[in-house]
1. Could you count how many residues in segment 32-66 are under 15 Å from residue 11 (Cβ atoms) and either surrounded by fewer than 14 Cβ atoms within 10 Å (Cβ to Cβ) or in contact (Cβ under 8 Å) with a residue 40 or more places away in the chain (or both)?
2. Check residue 95 against each of (1) in a loop (DSSP other than H, G, I, E, B); (2) in contact with a helix residue (DSSP H, G or I) (Cβ under 8 Å, 6 or more places away or on another chain) and name the one condition it does not meet.
3. Taking segment 29-62 as the region of interest, how many residues are outside any helix (DSSP H, G or I) and under 13 Å from residue 77 (Cα atoms)?
4. Condition first: touching a residue at least 40 places away in the same chain (Cβ under 8 Å) and either surrounded by fewer than 12 Cβ atoms within 10 Å (Cβ to Cβ) or under 11 Å from the mean Cα position of the chain (by Cα) (or both). Now tell me which residues in segment 17-31 satisfy that.
5. Only one of (1) more than 22 Å from residue 17 (Cα to Cα); (2) in a helix (DSSP H, G or I) is not met by residue 65, so which one is it?
6. Of these, 6, 14, which one is outside any loop (DSSP other than H, G, I, E, B), modelled with pLDDT under 95 and over 14 Å from the mean Cα position of the chain (by Cα)?
7. So which residues in segment 4-28 are touching a helix residue (DSSP H, G or I) at 6+ places or on another chain (Cβ under 9 Å) and over 14 Å from residue 73 (Cα atoms)?
């Protein structure tokens with residue numbers, strides 16, 4: 001049985017520069033840099049299962065971000081709005097544990 005054909009990721013120079021810069025940025029959210037890594041590896045021609053194995057994520061996760069990038073570009077790599085109750089506690093209100101450094 002043949003699985004679904006993976007979308008081919010083709011990067012412009014501007015896209016590649018942006019993705020690589022997000023991977024290198026220390027201030028970038030971890031989720032965004034991981035997604036950028038996935039797209040860069042997919043652009044090298046790797047299959048989703050190989051990218052997933054290399055990055056320690058599920059291959060469906062790689063497929064989701066590959067598909068979103070191919071459909072809508074870099075804008076789709078950011079988190080989407082999530083429905084639900086808004087946060088009632090800010091980070092400043094959460095006590096820090098002395099055992100965590």
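1. Residues meeting the conditions: 5.
2. (2)
3. Residues flagged as outside any helix (DSSP H, G or I) and under 13 Å from residue 77 (Cα atoms) within segment 29-62 amount to 1.
4. Just the residues of segment 17-31 that are touching a residue at least 40 places away in the same chain (Cβ under 8 Å), to begin with: 18-19, 31.
If the condition is that a residue be touching a residue at least 40 places away in the same chain (Cβ under 8 Å) and either surrounded by fewer than 12 Cβ atoms within 10 Å (Cβ to Cβ) or under 11 Å from the mean Cα position of the chain (by Cα) (or both), then 19, 31 are the ones that fit.
5. (1)
6. Working: 6 fails: outside any loop (DSSP other than H, G, I, E, B).
Testing whether each residue is outside any loop (DSSP other than H, G, I, E, B), modelled with pLDDT under 95 and over 14 Å from the mean Cα position of the chain (by Cα) leaves just 14.
7. 4, 6, 20, 21, 22, 23, 24, 25, 28
The values are calculated or read from the model by the stated rules, or taken from the named source; none is laboratory data. No experiment lies behind these values; they were computed from the predicted model shown. Methodologically, a virtual Cβ is constructed for each residue, glycine included, from the backbone with ideal geometry; neighbour enumeration extends over all protein chains shown.
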